[in-house]
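Single-structure report; data block below.
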Amino acid sequence: MKNSSGKEHILVVDDSPDTLEVLQRNLESKGYRVFTAPGAVEAIKILESAAMDLVITDLKMPKVDGLSLVRHIQENFKDTEVMMITGYPSIEGAVEAVKTGAEEYLAKPFTDEELFTAVVRVIDKLHQRRAVLKQTSKPLVSRHGLIGESKAMRKVLNAIEKAAASSATVLITGKELVARAIHYNSPRASAPFVPINCGGIPETLLESELFGYVKGSFTGAMETRAGFFQTAEGGTIFLDEISETSLSMQVKLLRVLQDKEVVMVGERRPQKVDVRIIAATNKDLQGLVNKGSFREDLFYRLNVIAIDVPPLREREEVRKKNSRIFWRRLKGLEKLLLAGKRKGIGEYYSEARDHV
């Protein structure tokens, strides 16, 4: 997955602190965002947490060598290019590195110009490959981990784009991920996203948690405390399991939607709030309205934009994709473990287990 900062992200892996420092300084001078790791285990942890455009790895390292790391990257991070560096150059080593998946092979010591030239070549190849993929294939992975190519999921993704560009309330039948995707693609992205599980907070506490309370308003109120709506000021509040709220709480939520203000427990004066509301439910709200257990006016206030996320059992392509990803990562980790076992390094196993 391409990083979103605009600068290419480069991960440098070498067991020499001096080499890491020099490469980081030189690459950063050219505008790259540089991460460093002293070995393969640490490098994999970084790759799992942040998208990298290029990995520059040493060939000979303790515990797990560079070739094992390259294989793991090729199997699990296909949108990341690899460049090999080594202080023990050989024709056989160069051939093996390229066969394994490294785009470039540099022998130490190399000049700054040789490094920069090789990096530019690899980055250019990466950009070309991404451009071709963008034209010839449909992306399976969307923003914030939402996956799917089915007609139903593409409808969801399109709805997210429209909702993100709007300030209207949204009612979701599905996941918190959808609410997060809307928030972080909207003009409110830099402000807080505050998720609330309405069904997980006792009814007696829900009002004070949502709207806050003033000191002395009830037993135990030793200080004035802001609620979730005040915490979400300027951003988005996500009310999950909205169907679990009582009718009296629904009246208070309706007032927030209508008047854009809240009243803290123990206070008479309302406070203006600038908060977007996204609600979610796994129940049929229209059915609850017909039964009289959910207010019709609140339902229509919430249901301005409706997004119905299909369950995973109806998204065959996602289940197959997730299975393939899991299997590739399991096999890649198995190879790394075997590499460590051949070297007789018992402590590597504990690190690898921690990584899993």
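The values are calculated or read from the model by the stated rules, or taken from the named source; none is laboratory data. Source: prediction; values computed, not measured. Counting neighbours? That spans all protein chains shown, and the Cβs are built from the backbone with ideal geometry, glycine included.
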Legend entry - Options GLU296, GLU244; residue that is charged (D, E, K, R) and over 32 Å from the mean Cα position of the chain (by Cα): GLU296
Legend entry - Cross-chain or 6+ apart pairs with Cβ under 8 Å, segment 279-307 first and assigned by TED's automatic domain parsing to the domain that holds PRO195 and surrounded by 14 or more Cβ atoms within 10 Å (Cβ to Cβ), then in a loop (DSSP other than H, G, I, E, B) and of a type in the set (A, V, I, L, M): VAL304/ALA168; ILE305/ALA168
Legend entry - Hits in segment 181-224 - residues which are more than 21 Å from ALA279 (Cβ to Cβ) and in contact with a Phe, Trp or Tyr (Cβ under 6 Å, 6 or more places away or on another chain): ALA221
Inset, instruction - Could you grab me the full set of residues in segment 190-225 that are out of contact with any Asp or Glu (no Cβ under 8 Å at 6 or more places or on another chain) and surrounded by fewer than 14 Cβ atoms within 10 Å (Cβ to Cβ)? - result: SER190, PRO202, GLU203, THR204, LEU205, GLY216, PHE218, THR219, GLY220, MET222, GLU223
Legend entry - Residue list for segment 194-229, restricted to those being part of a helix (DSSP H, G or I) and touching a residue at least 40 places away in the same chain (Cβ under 8 Å): CYS198, GLY199, GLY200, GLU203, LEU206, GLU207, SER208, LEU210, PHE211, PHE229
Inset, instruction - Report yes if some residue within segment 55-62 is in contact (Cβ under 8 Å) with a residue 12 or more places away in the chain, touching a Leu at 6+ places or on another chain (Cβ under 6 Å) and at negative phi; otherwise report no. - result: yes
Inset, instruction - List every residue pair whose Cβ atoms sit under 7 Å apart, with the two residues 6 or more apart in sequence or on different chains, where the first one lies in segment 1-25 and is farther than 16 Å from ILE46 by Cα and outside the structural domain of TYR184 (by TED's automatic domain parsing) and the second, anywhere, is assigned to a helix (DSSP H, G or I) and modelled with pLDDT of 90 or more. - result: none
Inset, instruction - Within segment 8-28, work out how many residues are in contact with a helix residue (DSSP H, G or I) (Cβ under 9 Å, 6 or more places away or on another chain), part of a helix (DSSP H, G or I) and closer than 24 Å to ARG130 by Cα. - result: 1
